[in-house]
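Just so you know, all these numbers are worked out from the coordinates, no wet-lab data involved. Values in this document were obtained by computation on a predicted structure and should not be read as measured data. Cβ placement follows ideal geometry from the backbone for every residue including glycine, while neighbour counts extend to all protein chains displayed.
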Amino acid sequence: MADQTPGSSFVQVTQSLAWRELARFFRQRNRVVGAIGTPLFMWLLFGFGLDQSFSVGNSPETETSFLEYYFPGSLVLILMFTAIYTTISVIEDRQAGFLQGVLVAPVSRQAMVAGKVLGGSIIAMIQGVLFLLAALFLDVDWTVMQVVSLVAILFVASMMMTCVGFSFAWKMESTQGFHAIMNLVLMPMWLLSGAFFPVPQMGTGQWTQDVLHWVMKVNPLTHVVSLVRQFLYGSDRLAEGFWEPSLRVSIVVMLVATALFYGWAIRVCQRSTSGDLK
Amino acid sequence: MATVSEYSVMSDQRAIEFQALSFSYGDRQALNDVSFDVGVGELFSLLGPNGSGKTTLFRLLSTLITPQQGSLAVFGKDVINQAHQVRHDLGVVFQAPGVDGKLSVRENLAVQAVLYGLSKTDTRVRIDEVCGQLGITDRLNDQVDELSGGLRRRVELAKSLLHRPRLLIMDEPTTGLDPSARSDVWNYIRQLQQTTGMTVFMTTHLLEEADHADRIAILHEGELVALDKPEALRRELGGDVITITASDPEVLLKKLEEDDELSPRLIDGVIRISGTVDSQLISDLHTRYHDEVQQISVGKPSLEDVFIARTGHQFWGAS
């Protein structure tokens with residue numbers, strides 16, 4: 001629709017709605033803690049617990065502990081949990097009546113999606129950066145370039161997951177239904193991302209391994225986890241005997257997936273939902 | 001200043017035109033061929049019990065949903081083709097509290113100002129003006145969660161008024177408020193309408209509330225059953241109304257029907273007799289049917305009587 005009436009600009013609306021997301025999130029301390037606490041706890045628990053039984057690497061110098069192996073996956077889990085928390089606010093906003101207020105304002109729905117996604121992505125990225133501080137205790141040789149790249153990856157990955165969360169949340173009437181979808185979609189996606197165990201090679205002779213290989217290979221999250229791992233530890237410390245995508249492929253996959261999911265979010269929000277008619 | 005009665009349909013200016021509007025959710029017909037106009041500057045109430053279709057009508061007017069059949073125009077602009085312009089003219093207060101509890105009053109208003117494209121300076125000016133009018137200036141920095149229900153409703157009103165809408169629409173704005181907060185809201189609305197000439201359209205399921213409006217429309221099962229000034233609707237019925245509750249209303253009704261001068265009607269378990277009533281009649285009834293009658297009362301016709309006359313149902317039992 002052409003916008004002849006002076007006033008509300010796309011950028012300002014996006015900024016303002018994104019700011020609102022941030023303010024709301026960080027003023028609810030239980031959310032901040034909830035999104036970061038569980039993955040942190042799991043990381044420490046599994047990291048130390050499985051340390052003795054897990055071993056990848058071809059020599060003592062490149063040997064990776066499970067605590068180290070599991071770190072990128074935990075980081076991505078934090079992004080995911082935060083993305084879930086922030087997009088649940090779509091459902092809350094609808095129930096509370098705020099969303100309807102935005103929908104009847106003279107602003108485009110694209111601006112609304114952009115604001116919501118930008119806000120959610122920044123929140124998830126901030127949470128991810130906080131968790132990244134834990135990596136200071138790991139055996140990592142830090143460079144500025146590396147930190148910048150990691151933050152950029154965190155941001156794009158956050159956007160990707162926020163868009164997925166938004167698209168599901170838009171159609172939901174209750175937060176319970178949303179949790180179910182998340183458990184059926186996002187958690188399996190995370191478990192099959194190389195976060196918890198490496199991607200098996202093709203041709204091991206076992207068909208289960210082949211299926212796992214393909215499922216994990218097409219999972220965009222696998223590429224996100226792999227990017228974090230490669231930027232954190234460098235490519236010489238990857239698990240020997242397992243499949244790992246190349247940097248270039250992973251970057252392309254992550255960007256394309258994010259663009260597609262964003263497009264999905266934009267498309268989904270053009271529909272009115274039964275929640276508006278309650 | 002124009003008095004209340006001078007607004008009304010006489011002016012050719014129409015704030016809202018509903019024309020042959022129908023809307024259904026799947027099989028359920030929520031609105032059936034509803035047509036009426038609201039004049040510029042009117043304070044208009046849409047009255048109907050729950051499930052009468054008034055919330056659907058409100059959603060259509062708010063541009064949240066689009067008409068399936070018929071047309072709807074706001075200040076002559078079509079809600080489908082000129083939605084953007086219509087939205088600039090509208091201030092909307094939904095039934096659910098659209099204010100954000102985690103943000104301060106000022107922050108809530110600032111976000112709203114951006115949505116409606118107000119400049120930074122204008123935002124500051126308007127926040128001061130509107131909050132001054134509504135008496136919430138000293139609460140501007142409070143988090144909304146800390147405010148009482150009545151104050152929160154005022155913040156919502158402030159939010160919807162920020163961009164100087166020509167038409168303020170509200171869906172049951174006094175729901176969940178105690179009587180004093182309710183009359184507060186009414187006073188503010190009336191004051192606003194009179195000082196700014198703004199048109200106000202609100203839905204309500206409270207009969208006594210509808211009585212405050214310049215004109216009302218009554219919806220019943222998706223159809224318009226009455227449209228006029230509240231006094232006019234009551235006057236139309238004329239006389240008085242006697243209501244009788246009885247232990248066995250059917251039996252009492254039969255007995256009353258044998259009495260030629262009366263024309264009693266049994267509506268949802270209550271017997272109603274309309275016409276001219278003198279005190280003699282009441283005491284006669286009371287003496288004659290002393291054993292059956294639980295309660296007997298007499299009054300001028302209320303909007304409830306209007307509703308009953310038009311639909312054959314009691315207002316509260318109608319859904």
Highest mean first, how do B:261-270, B:144-153, B:305-314 rank when packing is the count of other Cβ atoms within 10 Å averaged over residues?
B:305-314, B:144-153, B:261-270
Against the longest principal axis of chain B, how steep is helix B:279-288, in degrees 0 to 90 to the nearest 10, with axes from Cα atoms?
60
Can you list the residues of the range B:271-309 with backbone N under 14 Å from a point 7 Å past the Cα of B:GLU250, pointing along Cα to Cβ?
none
Principal axis lengths of the range A:10-277 from Cα atoms, whole Å, largest first?
62, 39, 32
Send over the per residue convex hull volume for the range B:143-226, Cα only, as a whole number of Å³.
114
For A:SER65, the residues 5 or more places away or on another chain with a placed amide H closer than 5 Å to its own amide H are none
Count the net charge of all other residues whose Cβ sits under 14 Å from the Cβ of B:SER24, scoring Lys and Arg as +1 and Asp and Glu as -1.
-2
Show me B:91-102, B:41-52 ranked by packing, highest mean number of other Cβ atoms within 10 Å first.
B:41-52, B:91-102
Taking amide H atoms as placed 1.01 Å from N in the peptide plane, list the residues 5 or more away in sequence, or in a different chain, whose amide H sits under 5 Å from that of A:VAL199.
A:TRP243
With each label point set 7 Å from Cα along the Cα-Cβ vector, what nm distance links A:ALA134 and A:VAL11?
3.8
Which percent, nearest 5, of DSSP beta bridges in the protein assembly as shown are antiparallel?
65
With +1 on the Cβ of every Lys and Arg and -1 on the Cβ of every Asp and Glu, the dipole magnitude of chain B about its Cα centre, in debye rounded to the nearest 20, is 1580
Note the angle between two axes, namely the Cα long axis of helix B:179-196 and the longest principal axis of the Cα atoms of chain B, as a number of degrees from 0 to 90, rounded to the nearest 10.
60
Amide H contacts of B:PHE201 (H built 1.01 Å from N, under 5 Å, at least 5 apart or other chain):
B:PHE44, B:LEU168, B:ILE169, B:MET170
Roughly what would the spin-label model give for A:ILE181 and A:MET202, points 7 Å off Cα along C-beta, in nm?
3.4
Output field shielding_mean for B:55-67 (other chain Cβ, 10 Å radius) holds 2
For peptide A:9-18, how many partner chain Cβ atoms fall within 10 Å of a residue's Cβ, on average?
2
Inside 10 Å of the C-beta atoms of A:106-113, what's the mean count of C-beta atoms belonging to other chains?
3
Cα extents of the range B:1-139 along the three principal axes, largest first, in whole Å?
46, 41, 31
Once the Cα gyration tensor of chain B is found, what semi-axes does its equivalent ellipsoid get, as square roots of 5 times the eigenvalues, in whole Å, sorted largest first?
42, 22, 18
With eigenvalues of the C-alpha gyration tensor scaled by 5 and rooted, the protein assembly as shown, Å
62, 27, 21
Using θ = phi - 60° and Karplus 6.51 cos²θ - 1.76 cosθ + 1.60, couplings along the range A:211-217 (whole Hz; Gly, Pro as x):
4, 4, 4, 5, 4, 6, 5
Quick calc, B:THR66 & B:PHE36: beta-carbon distance into FRET formula, R0 25 Å, rounding 0.05, result 0.85
With x for Gly and Pro, the residue-by-residue ³J(HN,Hα) of the range A:115-122, computed from phi through the Karplus equation 6.51 cos²θ - 1.76 cosθ + 1.60 at θ = phi - 60° and given in whole Hz, is x, 4, 5, 4, x, x, 5, 5
Specify which residue in the list B:ALA210, B:LEU224, B:PRO97 is farthest towards the positive end of the charge dipole of chain B, using unit charges on the beta carbon of Lys, Arg (+1) and Asp, Glu (-1), about the Cα centre.
B:PRO97
Through the Karplus equation 6.51 cos²θ - 1.76 cosθ + 1.60, θ set to phi - 60°, convert the phi angles of the range A:191-201 into ³J(HN,Hα) values in whole Hz; use x for Gly and Pro.
4, 9, 10, x, 5, 9, 9, x, 6, x, 6
So for the range B:239-300, what percent of the C-alpha to C-alpha distances run longer than 19 Å?
16
Shape verdict for the range A:183-240, please, from the Cα gyration tensor: rounded (a/c under 1.5), prolate (a/b greater than b/c) or oblate.
oblate
